[in-house]
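Okay, so here's the structure we're looking at.
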Amino acid sequence: MKFIISFLLLTSTVTFAGDVGPETKHLVKAVSPEIDVSSLAGPQVKVLPAHRKVAYASELPSPADRDELFQKSGLTSSLENWDDFDKDSLYIKLTKQGSRVIDRILEKNPDLNRSALEKAQKLIKAEAR
């Protein structure tokens, strides 16, 4: 049985409007997009969409598949001294599309090749289809 642990971020804001009394407004956001919190919506409750900010280990390719992708893109020699955690982190960053992502990666790792990173990003996008 698969266990899904969910946390709801519940933010309450209390506003007082003269003699009317307190009016409570709640913002509810599920941590995972798989959790349906739409039933909590109401006049004083706003439900926000969940945005996944972390990749789950089950969504990462195996180290062999990840290294093969990096090899196809020409990054292997640049990543020789990187451990699996750093390679997985790079893979996760490359799943986000756009040149700004690559700019940030190059700021921290100027020894990496821009065209190889762009190629890896395209290969990751193609795999996702």
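No value in this document is a laboratory result; all are computed from the given coordinates. All of these numbers come straight from a predicted model, not from anything done at the bench. Positions of Cβ are generated from backbone atoms using ideal geometry, with glycine treated the same way; all protein chains shown enter the neighbour counts.
At a Förster radius of 25 Å, what calculated FRET efficiency corresponds to the Cβ-Cβ distance of residue 83 and residue 62, to the nearest 0.05? For R0 = 25 Å, the calculated efficiency reads 0.95. Bridgeable aspartates and glutamates around residue 122 (alpha carbons under 19 Å apart, same-chain partners fewer than 8 residues away excluded): 59, 65, 67, 68, 88, 103. Restriction of the GluC sites (Glu not before Pro) in segment 33-129 to DSSP coil positions whose beta-carbon has at most 12 other beta-carbons within 10 angstrom yields 34, 80. Backbone geometry of segment 39-48 corresponds, through the Karplus equation with coefficients 6.51, -1.76 and 1.60 at θ = phi - 60°, to 3J(HN,Hα) couplings of 5, 7, 5, x, x, 10, 10, 10, 9, 9 Hz, x marking Gly and Pro.
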